[in-house]
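One structure is given below, encoded as structure tokens.
The values are calculated or read from the model by the stated rules, or taken from the named source; none is laboratory data. Given the structure is predicted, the values throughout are model-derived calculations rather than measurements. Using ideal geometry, Cβ is built from the backbone for each residue, glycine included, and neighbour counts are taken over all protein chains shown. When the accessible area is computed, the model is the full protein with side chains, heavy atoms only, and any ligands, DNA or RNA have been set aside. Shrake-Rupley method; radii C 1.70, N 1.55, O 1.52, S 1.80 Å.
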There are 4 protein chains.
Amino acid sequence: MTFARRHDPAARGFASDNHAGVHPEVLRAIALANEGHQPAYGDDVYTEAMGEAFRAHFGAGAQVWPVFNGTGANVVGLRAMCAPWEAVICAESAHVNTDEGGAPEVTGGLKLLTVPTPDGRLTPDLIDRRAIGFGDPHRAQPRVVSISNATELGTIYTPEETRAICEHAHGLGLAVHLDGARLANAAAALDVPLAALSTDAGVDVLSFGGTKSGLLYGEAVVVLDPGAARGVEYVRKTAMQLASKSRFVAAQFEALLGGDLWLRNARRANAMAARLGRAVADVPGVRVTRPVEANVVFAVLPPAASARLSKRFPFYVWDEPAGEVRWMCAFDTTEDDVDAFAAAVAEEMGGTG
Amino acid sequence: MTFARRHDPAARGFASDNHAGVHPEVLRAIALANEGHQPAYGDDVYTEAMGEAFRAHFGAGAQVWPVFNGTGANVVGLRAMCAPWEAVICAESAHVNTDEGGAPEVTGGLKLLTVPTPDGRLTPDLIDRRAIGFGDPHRAQPRVVSISNATELGTIYTPEETRAICEHAHGLGLAVHLDGARLANAAAALDVPLAALSTDAGVDVLSFGGTKSGLLYGEAVVVLDPGAARGVEYVRKTAMQLASKSRFVAAQFEALLGGDLWLRNARRANAMAARLGRAVADVPGVRVTRPVEANVVFAVLPPAASARLSKRFPFYVWDEPAGEVRWMCAFDTTEDDVDAFAAAVAEEMGGTG
Amino acid sequence: MTFARRHDPAARGFASDNHAGVHPEVLRAIALANEGHQPAYGDDVYTEAMGEAFRAHFGAGAQVWPVFNGTGANVVGLRAMCAPWEAVICAESAHVNTDEGGAPEVTGGLKLLTVPTPDGRLTPDLIDRRAIGFGDPHRAQPRVVSISNATELGTIYTPEETRAICEHAHGLGLAVHLDGARLANAAAALDVPLAALSTDAGVDVLSFGGTKSGLLYGEAVVVLDPGAARGVEYVRKTAMQLASKSRFVAAQFEALLGGDLWLRNARRANAMAARLGRAVADVPGVRVTRPVEANVVFAVLPPAASARLSKRFPFYVWDEPAGEVRWMCAFDTTEDDVDAFAAAVAEEMGGTG
Amino acid sequence: MTFARRHDPAARGFASDNHAGVHPEVLRAIALANEGHQPAYGDDVYTEAMGEAFRAHFGAGAQVWPVFNGTGANVVGLRAMCAPWEAVICAESAHVNTDEGGAPEVTGGLKLLTVPTPDGRLTPDLIDRRAIGFGDPHRAQPRVVSISNATELGTIYTPEETRAICEHAHGLGLAVHLDGARLANAAAALDVPLAALSTDAGVDVLSFGGTKSGLLYGEAVVVLDPGAARGVEYVRKTAMQLASKSRFVAAQFEALLGGDLWLRNARRANAMAARLGRAVADVPGVRVTRPVEANVVFAVLPPAASARLSKRFPFYVWDEPAGEVRWMCAFDTTEDDVDAFAAAVAEEMGGTG
């Protein structure tokens, strides 16, 4: 029997950047890393080279631990930063709070001290609302501030905002964790190096996203301050996030970060979102609800139009009662994709008139 | 910058079947499943087809949940089988006990009731030694018997032995879990279908191994008795074992199980181990310590010879005080590999004379 | 050496109802249950009688599990109600969220889905804000609504309000947990039986408080709907909440619930809070901030006066920035205590003028 | 309604030292500590005095944390000694392994590395069998050696044996935990101070038993080396082991340790076991199976005789297939109790002739 393609490779949508596939350069790296035997569990030449590729971006002191997925990266990083009784301050809308099935609590035993935010972003003032009860055993002890950049709402922290949060957190004796599943998009949008939003701003530990940037699979826990995390190698293993054939995760990351693939992919996804945002802004009845800063457009449109549209191009309803939808662009979204989708939006809105 | 191969693809060793790379047919399946957009998290056509491929082997009632790695498969399966206060009877030498960093306990909160075995295999009598304390809250409540086939010691359960364990366990009100990281090797060695060692023998839930059979990554939790596991989809997510780009795990498994690739790979690995076992059996000073039933040879040889040999071909020392080593064959081990290694064994043993 | 009293038994304060000691009738019950041997771990005649005493209040179907403390009662009850991936909707101000050091998450692996409330009380509308994501593995699955009566803010749910919440929750497929650390105070305040706020209103599982009602130690997990909790005896043991000399917890509860001691104690504490609320209401500069419904008064007064006052009578500052303090009455608070305290409030406020 | 005694205070048995009640001096201390208000959660004068009473026995550096029960003491101590990925070496027969319902694993997430022992006691050689895999993330990292003195089998470690274990463990980089639920019995049997079996021998952290020595309830986590445990106050709270009315646990311990009550009680229990051991040694058909070193006698007798006897005096069958029973003496066991029981043994054995 021969394995056969089962899907239409021309199919596109705006549902998520992980509905896209694998960038060809990444697939080629996997093929090159293949054949012959290599030590498993990270003792191979590719995992070593992957570390160097990360250090070229994040500084010579960065320790890099490849893992399988974003939830794994977040839980491993946070768990390694916290003693069992310590807690994590984060936005109520943070991925760790809303989208990981409760993994931080269920599997990590981590209490999240969530705080509502206007746009997905924490501020020193918002942090202060949860940074209380130090030394009181009746209170989960705040230990980490976790931010996402870009956020789940597509907003972005600048280097200055990141630094302000880090300084504030450090002043309170807290460490800073960055969920960087879309850090590449944030850096590309601001046209700054990855370190400007992490190492140079004072971030202690981050999750760096690969899957949404065109990898087959793979994320990384990056420890920038070795004093901020303990036993990452053991936490990763007990969290079931240690890949046996580590060379292949590593080769993918080297392909992504060794050159400018990460930046090309992020720029493309961001540019397509910007194009889409502009294209629908003028469609009567469509309201773009949030600033388009990274690779996503949020908009409100009538439910009936939304329903018709989503049959033509898959996407998610973000807030059902509000009629808000999320349109996300990926590294492989094309101008034609965007133009066809924007035209469909206009058509369906016309149909509701 | 162009990604470049960093290793010698001709390098071979006998350290582990996960030191091997990816079978070309598997890589081709990944490439065919690539391009275009597909729903993430398992709602795609490949994950559906993967389920069918498993059901062709394990029966129409099998539910299949792809995960990232073997530790993940075991912990997800066992966690879904047990209430929080329930425990797992297993061999002291079981992978879940010795080789997963404590993940079942640390992450799963599962108590393992371990029992010493002569050869890695449980028996009804050995199970009875731990199947005690039912209804007594001072005792972790036995709920699952977990066996591995092939075992960590390279031994194999026959269909009859598996059935005897399942009947005994069921009679005690226990369910049976099978760690099938090398189930293909066991089935190939016995020349029986996969179902003969699982579905037909009464196994309730199994971990089916892909990585050691030539996949890039990917294992599966297979539920044969739906009454024996609860909430697998939620357990998998909170255990951080849900892949976003699920289509690629699925395509690999379809390539493995849709035809006879699983069998070809397992037969090759087993045959190479048998060849190696025969080749070294006559080398003076080398003693093969266990029956060569699957794809691994255990042997005792002098430490000095062992040390010299392992510089030429990587392998692991299994039991340092006893001088016992483990030589494992993979799907890509060749007759030339074996013959070269056996010759090296003879040379180094000559050198110790 | 002879053990000697180390404290002034005339010392009083308004810090907490657990700063009070043990009611004499409770001590006498302990003494009567003493001497001779009795089975441990609950297989004794007192634990059986305790169950009967509870069933006289909560109905013939109530199952009763004595535990050590309130955090233990809440975590055991909630853990027995939820599968590992299921979550608990509660007020942001709930004791389980703010005052248990993170025990539900850290020890129980329970995700709390918290929602801000105006006065510590949930409503069907507030529940709906968190009762989302059913069937979506990316979301912790809502399973339980947990309310406190009286709440941490001294507010009370009526039987009708409790029933409305239970009906709403049940309609959503959720079970209802009641943190009844101060259920006696709520029932006394409303002059209704304990069942009116629990069994008859549709509550499924509750924590019933003993320590704050005059016991030495001891709370109880009371299961009203046996289908709503699984394996309580095992959860209790693994949560380290099973007392060996169970007869003494049981005797205390029998003393509390077998007659009207629970009601006398609760009425006294409530009446003293009401008296205090009235007495300070007219002191210029003091503002009672919340309705005095149970045994606690919240008030705002100038920080300097607050600081002076707390040196004379211990109490807690509830909300530092707001200058809000909490004055709590206990089963042993006397009219003289209240009058002396109210006079001190007036004096210290005069001092700030 | 008046609370009434429900049991026969003359009833005795040999089932467990926690079937006994409360020593009168302990009850008196509770009464003296009663009345008036005292700070909760350990900020009271009795908890402070309790610390001093412990330090008089265990040295000026001892930190003392009262908890509710023995399982709680063990789990809190071990959890505070181990990072989440670290493991505990203990005897297969240890209470933490066999008698706590799996609490260390289920609630503590602790892996126990158990080793069979001839008599319940570890030795340096036995420790070495599990002290392996340091630095290997595939292995739970050994961190603590936990011994019990007296053991569950009634055997005792001498000061020299304890020191040998501590030195060996420390040499391996491991810390030593002592389950001292019956440490008083061991010290009384050897006629040495408590420190001789703990502080002076190099033990790092211990559980000190109160309940089995005549308390109503209460055990203590005693940290002898502050470097060996982290965050005990937070671990205790999240483990639900922090009593609100802490003054009463403390007063009991002060009554026990402030004078010689602990020693009188332990000597009595030990002497009664010795008397019983001697009395039954000569009964034909009864075989005392283990040395009677503390307060327990193990014996083998015919099942029919055992069954008849246990209807007259409650006790536990320890090993059903072997016909081995456990007869335990308590602080309140009298010479008359022992003589009556020994006579009953002789009678029932005659009856089997």
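Accessible surface buried by the C/D pair amounts to about 5900 Å², both sides summed, 1.4 Å probe. Surface composition of the protein assembly as shown: carbon plus sulfur atoms hold 51% of the accessible area, using a 1.4 angstrom probe and ignoring ligands, DNA and RNA. Looking at the range A:53-86, which residues lose a minimum of 50 Å² of accessible area between their chain alone and all protein chains in place, measuring with a 1.4 Å probe and not counting ligands or nucleic acids? Those residues are A:68, A:69, A:84, A:85. Summarising the strand pairing of the range C:24-257, around 35 percent of its internal DSSP beta bridges are antiparallel. Taking a point 7 Å from the Cα of residue D:125 along the Cα-to-Cβ direction, the residues of the range D:136-157 with backbone N closer than 19 Å to it are D:156-157. Sorted from nearest, the other copies put their residue C:118 label points 2.5, 7.6, 7.6 nm away, the label point being 7 Å from Cα in the direction of Cβ.
Between identical copies, the spacing of residue D:343 label points, each set 7 Å from Cα toward the C-beta atom, reads 6.7, 8.9, 10.7 nm from nearest to farthest.
Each other copy places its own label point for residue A:319 at 2.5, 6.5, 6.8 nm from this one, sorted shortest first, where the point lies 7 Å along the Cα-to-beta carbon line. Nearest chain C C-beta to the C/A rotation axis, reported as residue and distance in angstrom, is C:105, 2. Quick note on chain A: its Rg to Rh ratio, both from C-alpha atoms and Rh being the Kirkwood radius, is 0.98. Comparing the full protein assembly with the isolated chain (1.4 Å probe, heavy atoms, ligands and nucleic acids excluded), the residues of the range B:194-222 losing at least 10 square angstrom of accessible area are B:211, B:216, B:217. Semi-axes of the equivalent ellipsoid of the range A:303-353 are 19, 15, 7 Å, computed as sqrt(5λ) over the eigenvalues of the C-alpha gyration tensor in descending order. Taken as Cα centroids, the range B:212-276 and the range B:94-134 sit 23 Å apart, rounded to the nearest whole angstrom. Entry note, chain A: the mean residue ellipticity at 222 nm calculated from DSSP H runs of n ≥ 4, each adding -39500 (n - 2.57), is -11500 deg cm²/dmol after division by the residues and rounding to the nearest 500. Beta-bridge orientation, the protein assembly as shown: approximately 50 percent antiparallel, per DSSP, counting only bridges with both partners inside. In this structure the protein assembly as shown gives 32 Å² per residue of accessible area when probed at 1.4 Å with all protein chains present.
With contacts taken as Cα pairs under 8 Å and at least 6 residues apart, chain C reaches a relative contact order of 23 percent.
Placing +1 on the Cβ of every Lys and Arg and -1 on the Cβ of every Asp and Glu, with nothing else charged, gives the range A:191-270 a dipole about its Cα centre of roughly 400 debye. Only the Cβ atoms of Lys and Arg (+1) and of Asp and Glu (-1) were treated as charged; on that basis the dipole of the range C:69-137 about its Cα centre amounts to roughly 120 debye. Model label sites at residue A:92 and residue C:28, defined 7 Å from Cα along the beta-carbon direction, differ in position by 5.2 nm.
Work out the P(r) tail for the protein assembly as shown: percent of alpha carbon pairs separated by more than 62 Å, whole number. Tail fraction, whole percent: 16. Label separation (residue C:278 vs residue B:164): 8.3 nm, computed from points 7 Å beyond Cα along the C-beta direction.
With the cut-off at 22 Å, report for the range B:164-310 the share of all Cα pairs above it, as a whole percent. Considering the range B:164-310, 54 percent of its Cα-Cα pairs are separated by more than 22 Å. Mean sequence separation of contacting Cα pairs (under 8 Å, at least six apart), scaled by the length of the range B:207-342, corresponds to a relative contact order of 22 percent. Based on DSSP, what percent of beta bridges with both residues in the range C:1-160 are antiparallel, to the nearest 5? Bridges in the range C:1-160 are about 0 percent antiparallel. In the range B:144-235, Cα pairs under 8 Å separated by at least six residues give a relative contact order of 26 percent. Interface residues of the range B:134-167, defined as a loss of at least 50 Å² in heavy-atom accessible area between the chain alone and the complex of all protein chains with a 1.4 Å probe, are B:137, B:138.
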